[in-house]
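**Q** Have a look at this one before I ask anything.
Throughout, read-outs are computed from the coordinates displayed, never taken from laboratory work. Please read all numbers here as calculations on a predicted model, not as lab measurements. So basically every Cβ, Gly included, is an ideal-geometry build from the backbone, and we count neighbours across all protein chains shown.
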Protein chains: 2
Amino acid sequence: MLRRFAKAADIPRTHISMVGFMNAGKSSIMNAITQQPTSIVDDTPGTTADTKIALMEIHKLGPCKLLDTAGVDESGKLGNKKLVKTISAVKESDVVLFVIDPFNFRPEPFKNVIELAKRRGKVSAIIYNKFGGKTEDFNKKQADVANAIQRISNQPIPSITVSAINQKSTYDQIIPFIAGLKKQTKPVPLLPPKFVGPDKTLFLNVPLDIESPTGRLIRPQTMMLEFALRKLSPVVAYNMNLKVGRSENSKPESDRYLKNVKLIGPSLIVTDSQAIDLIHKWTPPEFPITTFSVAMANIQSGGKLNEFTRGIEAISKLKKGDKVLICEACNHDRIGDDIGTVQLPTKLKKVFPGVEIDWAFGRSYEDKKLTDYAVALHCGGCMISKQQMIARIQDLLESGVPVANYGLALSYLASPAALERVLKPWQ
Amino acid sequence: MLRRFAKAADIPRTHISMVGFMNAGKSSIMNAITQQPTSIVDDTPGTTADTKIALMEIHKLGPCKLLDTAGVDESGKLGNKKLVKTISAVKESDVVLFVIDPFNFRPEPFKNVIELAKRRGKVSAIIYNKFGGKTEDFNKKQADVANAIQRISNQPIPSITVSAINQKSTYDQIIPFIAGLKKQTKPVPLLPPKFVGPDKTLFLNVPLDIESPTGRLIRPQTMMLEFALRKLSPVVAYNMNLKVGRSENSKPESDRYLKNVKLIGPSLIVTDSQAIDLIHKWTPPEFPITTFSVAMANIQSGGKLNEFTRGIEAISKLKKGDKVLICEACNHDRIGDDIGTVQLPTKLKKVFPGVEIDWAFGRSYEDKKLTDYAVALHCGGCMISKQQMIARIQDLLESGVPVANYGLALSYLASPAALERVLKPWQ
């Protein structure tokens, strides 16, 4: 799982969407934000004309993905299709900006996205766009809109008023405003806080083999290092020799591991899932252990690892005739022992004879009747952003189907006892 | 220095150049290598038509940069210009393939590149390209060429015979051949071997501040981690709080550092240069210390750190009227306290009144009379590949001018004693 997750080459970005009525000035706001000289400006190929995407490095905001959506008030069949895209954009956003011309506003078409943003824990804000006219009239209309939105969201939403036609002044106002919003986003911590701090040493087991990339570590490993170092935890990285550890003459390798663990006395041992068999067997019970996969699963569930635990429970109760949905974020080339189409189905059918397997690639799970399934198992999402992955998992969870990811499912099928142990530090 | 070095976003690649006469089949060989489905194929923009470059991920070879050069036998003014480019390509190569049609070969135009490749420690090989004709004649001609090249190089050069017009069979033959050559390239180790191994724990000081990237470590840090882990060394990553360490109440921070160092008993402490003042002051003399900058300098000098030490000696002897050449690999946008144009000249002139500073950006050092300079100081080469950087440093060294890099020069100017200490582990 770790290997596949590590393929997500894209750097972490703050996702910011602009949502509102047609002609409210969303694109002007987008252009105001992007007008500055930037490191990277890119129209992601393959995005539909309705949601326009810019990937940028913005001063004071860092790497961003900006999503300029179609008007939520567009009617007809095409309008509905565009609304689906807008909803997708909101789901993958960290920050949702409602761009509003107070002279052209009705609560109804906005209601869904405001509620969605709230339910999914997005940081929302209103950008009032002043096109001109009397300030007095504008202020009155603006107050009406604020009240209407307050009634829908039932929580205060910060706002700013700009004149988007003036791109320079809009830029100067809006960047610090968005920077403030960004600070309110709460990324899920990589590990439970109790395991990190100046007096808590983290122990990372990073078994390297010829297939591991040379000259670097993979992303979950460097993420974990940086996370713990920021909390002033010393971090020990350790390369367990799995071949020796699984051989008949494993004693020197287990001795070496235990010597280091006992010397350091780590607050937590995090291992590559590959090595969980040895780590589980060799680590004395007083040392808590977990895996990089579990930490990634926690992030991908938006910090709700217990939801995935519920998915694992659902697996444990599978019986003949039950249906399992295997979901993959993309439709990549499948190699011989592909996890989703070969490994996982084979193991599931072996442990639970008579279960039926179904697959959903890309967004096709939206067409499935999810309540028909006993459990949905999702891939690691290595080719999509963290935000897109969280959105997909939340979609599944909201349908009521129990969900787990490949990593946890494989761990469960390999050793329920080991999985139970690596989940324990998160309880 | 570290920050700038870390910007080199490109992944490490094996550089492979094809060199030979016009119409010897260099481009056919290039096409044979690149014909397979690949992850990335790219014509680097801005490269001149004479050397064609492909960046590829090749099965069994990994990430490569392929350089298809112009014929070394092209005459006239344009031919000479192209030869300069070919020589550049050879200088930045790890593997040089001499592509030869035995029926069209003269030793003379080849002599320079064969000698250059040998002098610069390149792995060289001959690809004999058989266009057709009688095998008997071919074998005789081939033997003549082999003898001629043997006389020039004075060392055995491995060879292979292909029929480049048949791309499939050429591919099947040449990839394992190049893979074998790649194994002969000897990358400079990141640290002296005596400091790494299963019983030797490395201690890396990685002070993080708000300017450090979030969610990852920078390249020299992950390179060092991976290098030591491969040798089965446990690696401790540690985040020293420099602000507290330099404050009046620094005791808790130095205590925390010493507690960890003494517990672990590292074979070597490697620190970000930023923290060298505290590490030098706090680390007991029994623990050897060095910096990431020194490790990078060692790589950039092709493993000849003592050459840079000679450059530092030259700095220490600077006197009024001496000329210092500051070399930068590229002509980037310069910000306020730019190292090459502001920081370094200011500090040099302060410590050595009356020295004269000159600059060479890009390849313009080739136009300078290098023997006029007391010392040349080169930037960290953050925007070019490791191989290009090594080639530039070797160019300077071959001219006889003492050379050092920015990192070592700044360390020397900040504290000669600290620099002496961090160079010691390399002696």
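**Q** Under the definition of Cα pairs under 8 Å and six or more residues apart, what whole-number percent is the relative contact order of the range A:14-180? Mind showing how you got there, number by number?
**A** Numbers: 294 pairs, mean separation 44.2, N = 167.
Computed value for the range A:14-180: 26 percent relative contact order.
**Q** Can you compute the modelled spin-label distance between A:Asn104 and A:Lys262, with each label point 7 Å from Cα toward Cβ, in nm?
**A** Computed distance between label sites A:Asn104 and A:Lys262 equals 7.5 nm.
**Q** To the nearest 10 degrees, how steeply does helix B:108-119 sit against the main Cα axis of chain B, on a 0 to 90 scale?
**A** 30 degrees
**Q** Over all directions, what mean area does the Cα convex hull of the range A:148-194 project, stated in square nanometres?
**A** Result: a mean projected hull area of 5.6 nm².
**Q** When all C-alpha to C-alpha distances in the range A:114-247 are sorted into bins of 10 Å, what percent of pairs does each bin hold, rounded to whole numbers?
**A** Once binned at 10 Å, the Cα pair distances of the range A:114-247 give 9, 23, 21, 16, 15, 10, 4, 1, 0.
**Q** Counting only residues 5 or more places away or on other chains, whose amide H sits under 5 Å from the amide H of B:Ile58 once H atoms are built in the peptide plane?
**A** Those qualifying (amide H under 5 Å, at least 5 residues apart or on another chain) are B:Cys64.
**Q** Using a label position 7 Å from Cα in the Cα→Cβ direction, what is the ascending list of nm distances from B:Glu420 to the same site in the other copies?
**A** The projected label point of B:Glu420 is separated from its counterparts by 6.3 nm.
**Q** Size of the range A:176-237 along its principal axes in angstrom, Cα-based, largest extent first?
**A** The Cα atoms of the range A:176-237 stretch 48, 28, 15 Å along their principal axes.
**Q** 7 Å along Cα→Cβ for the label point: how many nanometres lie between B:Asn249 and each equivalent label in the other copies, listed shortest first?
**A** Values, ascending and in nm: 5.6.
**Q** Could you pull out the longest piece of chain A with no exposed loop GluC sites (Glu not before Pro) in it, calling a site exposed if DSSP puts it outside H, G, I, E, B and it has at most 14 other Cβ atoms within 10 Å?
**A** Here the longest segment lacking exposed loop sites spans A:1-210.
**Q** Now, a different point. Put a label point 7 Å from Cα along the Cβ direction on B:Glu136, then list its distances to the equivalent points in the other copies in nm, shortest first.
**A** 11.1
**Q** With both bridge residues required to lie in chain A, what share of the DSSP beta bridges run antiparallel, to the nearest 5%?
**A** Bridges in chain A are about 15 percent antiparallel.
**Q** Return the distance in nm (one decimal) between the two label points of a simple spin-label model at B:Gln150 and A:Ser415, each offset 7 Å from Cα along Cα→Cβ.
**A** Output for this residue pair reads 5.9 nm.
**Q** Work out how far the C-alpha atoms of the range B:211-311 reach from end to end along every principal axis, then list the three figures in whole Å, largest first.
**A** Principal extents (Cα only, largest first): 42, 32, 31 Å.
**Q** Suppose each label sits 7 Å from its Cα in the direction of the beta carbon; what would the B:Asn139-A:Glu136 distance come out to in nanometres?
**A** Here the modelled spin labels are 10.6 nm apart.
**Q** In whole Å and largest first, what semi-axes does the C-alpha gyration tensor of the range B:302-416 yield when each eigenvalue is scaled by 5 and square-rooted?
**A** 19, 16, 14
**Q** Mean separation of Cα pairs under 8 Å and 6+ residues apart, divided by the residue count of chain A: what relative contact order is that in percent? Don't jump to the answer; show the numbers that get you there.
**A** On the way: 716 pairs, mean separation 64.3, N = 427.
Relative contact order here is 15 percent.
**Q** While we're here: Based only on Cα atoms, what Rg/Rh ratio does the protein assembly as shown have, Rh being taken as Kirkwood's radius?
**A** Answer for the protein assembly as shown: 1.00.
**Q** I need the trypsin sites (Lys or Arg not before Pro) found in the range B:297-386, filtered to DSSP loop residues with at most 13 other beta carbons within 10 Å of theirs.
**A** Those that pass, being in a loop and sparsely packed, are B:Lys317, B:Lys319, B:Lys320, B:Arg334, B:Arg363, B:Lys369.
**Q** List every residue whose amide H lies under 5 Å from the amide H of B:Glu356, counting only residues 5 or more places away in sequence or on a different chain, with H placed 1.01 Å from N in the peptide plane.
**A** B:Gly321, B:Asp322, B:Lys323, B:Val324
**Q** Hull surface divided by four, with the convex hull built on the Cα atoms of chain B: how many nm²?
**A** Answer in nm², one decimal: 23.3.
**Q** I need the chymotrypsin sites (Phe, Trp or Tyr not before Pro) found in the range A:100-195, filtered to DSSP loop residues with at most 16 other beta carbons within 10 Å of theirs.
**A** Sparse-neighbourhood loop chymotrypsin sites (Phe, Trp or Tyr not before Pro): A:Phe103, A:Phe131.
**Q** Mind giving me the FRET efficiency for B:Thr185 and B:Thr346? R0 is 56 Å, r the Cβ-Cβ distance, nearest 0.05 is fine.
**A** According to the calculation, E is roughly 0.90.
**Q** Separate question: What angle do you read, to the nearest 10 degrees and between 0 and 90, between the alpha-carbon axis of helix B:135-153 and the longest principal axis of chain B?
**A** 30 degrees
**Q** Only Cα pairs under 8 Å and at least 6 apart count here; give the relative contact order of the range A:193-295 as a rounded whole percent.
**A** Numbers: 133 pairs, mean separation 35.6, N = 103.
35 percent.
**Q** With only alpha-carbon atoms in the gyration tensor, what are the semi-axes of the equivalent ellipsoid for the range B:14-180, in Å, largest first? Before the final figure, lay out the partial values.
**A** Numbers: eigenvalues 101, 78, 46 Å².
They are 22, 20, 15 Å, listed largest first.
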